[in-house]
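Working notes for the structure below.
Here, each number is a calculation from the coordinates, and none is a lab measurement. Note that the structure is a prediction, hence the values are computed from the model and not measured. Cβ coordinates were reconstructed from backbone atoms using ideal geometry, including for glycine residues, and neighbour counts include every protein chain displayed.
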């Protein structure tokens, strides 16, 4: 029963995501009256559900961004804060990045739980505000010039052009919705996967719908309901409130947005180019909300059209406010949750530079006389420990982070029971499984010890040199290791 | 794909409509010339033809208009296209009225004015034809619209000049005043076709600019 209450904030987050992000894929189509709102909402919802259930399940092993929050009540609160922020922005009719509201809310949790905030995630947010709209605007202008030339040469009939544009808007919108569902469902529902109340359903032996897929389907339905019930306002801003858009530019804008996401955020494309010896595009943090606004503004400026700068100002302010507001709301809600409802919003994470860690540090050649005062003590406040390490040692930032990583304490056991029941044997490959079997029954106090044991047991657990070609392998390995860390951890399960 | 099929059908209907108007303009010229040549049979044929063409144009424009509205096609240019169709339809309406007036009132045109009426009918017909070409261009190549519009203006101006000199000559003649006024009324009647064409041309110039944006 408890899980259903916790799940509700995930569903609320899904709903507000649908209400806000649908405008990125269908805003211009609806704003130019090329596609009716009901048609757009139907296509959008169906493809979000398909994307989330079919492709999103691939992300089931990762907890999504909220995975950083280590207690269910904490995830509930963080999701609620992100959802409230996105909802508020949607009420104002402003397209914002739901991912940024989630990251903002997590930073709020980090402050509350004294966890360490990854500074890279902050830089990432700011880069997205600037780089993403610029790239997208540039692509939109190039596309527009190209399309204008093609139309001059091909001279299609006004009605044929209308039919083609309409179809284009629907197709690009459908693809956009599919990837919206696939990319965001993990953020909405991922954190609830380990506690999923659903069991696998077998349809007459024809196909099975896994519990995760059912959970994702539920989340996707929430997104779909958000699209239907509340997305019209943001669509109005994107599709006409900011600048007057004609149908062909409307199509160019959504195309430019998709191309921006594909070229500058697709690891698949990067791997494909790298493995064929071609130059790759630099991966930059992008967001569909920022991309679509960039394309609208870029194209309007290029065509000499009128932009409502007041609306643009409100949107930009909305971008900056979103993560900040989400962080503050999360912090306040966590306080209430913790003190009023007496829910555990974070688990205490212990750190200790014990003899095993000292040996490993020596092997890694990380040595500093200042470290001695930390040895054989247990710390429970990671932010404090990190600060103290900086203050009392001469170690550089990556070294401090390594020390923190090694010092993290816990209790992991490769138990036969988890091996038999919980471990996803379709995902962990044969060689990797063999290595796990070899270590069956062993316990570890630090997760790095388990990683090391696995590496020693089989090269299938070793990461490869950090080239672009090896990126997918290393990413997959790291998500498998996080998965093992989660399922074999004993101390958290006992709670 | 039904979306594209219907668009093709609709595009063809618009083309048919414009063909009908262009044919109406040719029939107008032929009708006026038949009247001037006192070819009663030929004139009666043009009356029958213009009746058919006018009702066909009406039917086509109604069908196109209602389909555009029902399916909410070309949202940005729907109003313009409807305006264009309705006003172009006015040209063929004007042609019909004009020919029917010849048939009803049977004006007596003295030989010295026949050439003037013939030239006036030709200029009006050419203005209407150029307008149809401009309207066709609007749907495919908006930039080419202005190339046709200048012809519309050229022929309308020519019709103005011919009409003006015709009316001056009529009133300078020895005819009785009632006859003079009757002939002036018919000069105006023929000239109105080119005036209607120019009215549509003025609107079309703006529609074309909107399409290019």
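Is there a simple number for the mean count of other chain Cβ atoms within 10 Å of the Cβ of residues in B:7-13, and what is it?
Whole-number average of other-chain Cβ neighbours for B:7-13 is 4.
Tell me, A:431, B:23 in order of fewest to most beta-carbon neighbours within 10 Å?
Listing A:431, B:23 from fewest to most nearby Cβ atoms yields A:431, B:23.
Above 39 Å lies some portion of the pair distances; for the protein assembly as shown, what is it as a whole percent of all C-alpha pairs?
52 percent
Taking every pair of alpha-carbon atoms in segment B:1-72, what share in percent sits in each 10 Å bin, from 0 to the bin with the longest distance?
All Cα pairs considered, the percentages come to 20, 37, 22, 14, 6, 0.
In whole angstrom, how far apart do the alpha carbon centroids of segment A:1-56 and segment A:216-268 sit?
Taking the Cα centre of each part, segment A:1-56 and segment A:216-268 sit 10 Å apart.
What residues of segment B:52-70 lie in the reach of a label at residue A:36, counting those whose backbone N is under 19 Å from a point 7 Å from the Cα along Cα→Cβ?
Answer for this model: B:65-70.
Return the single residue from B:132, B:193, B:162 with maximal mean-square fluctuation; model: Gaussian network over chain B, springs between Cα atoms under 10 Å.
Comparing B:132, B:193, B:162 in the GNM, the peak value goes to B:162.
Mean residue ellipticity at 222 nm from the helices of the protein assembly as shown, using -39,500 (n - 2.57) per DSSP H segment of n ≥ 4 over the full residue count, to the nearest 500 deg cm²/dmol?
After summing the helix terms and dividing by residue count, I get -25000 deg cm²/dmol.
To the nearest 10 degrees, how steeply does helix A:98-113 sit against the main Cα axis of chain A, on a 0 to 90 scale?
Value to nearest ten degrees: 30.
Give the Cα extents of segment A:79-155 along the principal axes, in whole Å, largest first.
Reported extents, whole Å, longest axis first: 62, 29, 14.
Beyond 15 Å, what percent of the Cα pairs of segment A:391-436 remain?
62 percent
State the Cα centre-to-centre distance between segment A:301-317 and segment B:135-211 in whole Å.
Taking the Cα centre of each part, segment A:301-317 and segment B:135-211 sit 45 Å apart.
Within 10 Å of each Cβ in peptide A:148-159, how many partner chain Cβ atoms are there on average? Round it to a whole number, please.
Other-chain Cβ atoms within 10 Å of each residue's Cβ, averaged: 5.
Build a GNM of chain B with springs between Cα atoms under 10 Å: which of B:71, B:94, B:62 gets the top mean-square fluctuation?
Its mean-square fluctuation being the largest, the pick is B:71.
Roughly what % of DSSP beta bridges within the protein assembly as shown run antiparallel, to the nearest 5?
Of those bridges, close to 90 percent are antiparallel.
Please compute the average number of Cβ atoms from other chains found within 10 Å of each residue's Cβ in peptide A:27-38.
Average neighbour count from other chains, rounded to a whole number: 1.
Determine by what factor the alpha-carbon radius of gyration of segment A:330-393 differs from 2.2 N^0.38 Å, reporting the quotient.
1.51
Quick one: Debye curve from the C-alpha atoms of segment A:50-208, no solvent, what's log10 I(q)/I(0) at q = 0.10 Å⁻¹?
Treating every Cα as an identical point scatterer, log10 I(q)/I(0) equals -0.57.
If you average the sequence gap of Cα pairs under 8 Å that are 6 or more apart and divide by the length of chain B, what percent do you get for the contact order?
25 percent
Given the Cα atoms of segment A:379-495, and with Rh set as the inverse mean 1/r over their pairs in the Kirkwood sense, what is Rg to Rh to two decimals?
When Rh is taken as the Kirkwood radius, the ratio is 1.02.
How much of the calculated P(r) for segment B:74-213 lies past 28 Å, in percent of all Cα pairs?
I get 27 percent for the Cα pairs in segment B:74-213 exceeding 28 Å.
Once label points are set 7 Å from the Cα along Cα→Cβ at both residue B:9 and residue A:397, what is their separation, rounded to one decimal in nm?
6.6 nm
Pairs of Cα atoms under 8 Å, at least six residues apart: use those to get the relative contact order of segment A:208-319, whole percent.
31 percent.
If I take every Cα pair under 8 Å that is 6 or more residues apart in segment B:47-157, average their sequence separation and divide by the length, what percent do I get for the relative contact order?
After rounding, I find 23 percent.
Could you line up A:380, A:237 from fewest to most neighbouring Cβ atoms inside 10 Å?
A:380, A:237
If you bin every alpha carbon distance in segment A:367-447 into 5 Å steps from zero, what whole percent lands in each bin?
3, 12, 19, 16, 10, 9, 11, 12, 6, 1
As a test of understanding, state the convex hull volume per residue of segment B:1-133 from its alpha carbons, in Å³.
Roughly 96 Å³ of hull volume per residue.
What is the log10 of I(q)/I(0) for segment A:1-139, computed with the Debye formula using one identical point scatterer on each Cα and no solvent, at q = 0.18, 0.19, 0.20 Å⁻¹?
The Cα Debye sum returns log10 ratios of -1.23, -1.32, -1.40.
Report the normalised scattering of segment A:85-126 as log10 I(q)/I(0) at q = 0.17, 0.19, 0.23 Å⁻¹, calculated by the Debye formula with identical scatterers on the alpha carbons.
Summing over Cα pairs of segment A:85-126 leads to -0.52, -0.61, -0.78.
Ranking request for peptides A:251-263, A:401-413: highest mean number of other beta-carbon atoms within 10 Å first, then the rest in descending order.
By packing density, highest mean first, the sequence is A:251-263, A:401-413.
When A:209, B:27, A:336 are ordered from fewest to most other Cβ atoms inside 10 Å of their Cβ, what list results?
A:336, A:209, B:27
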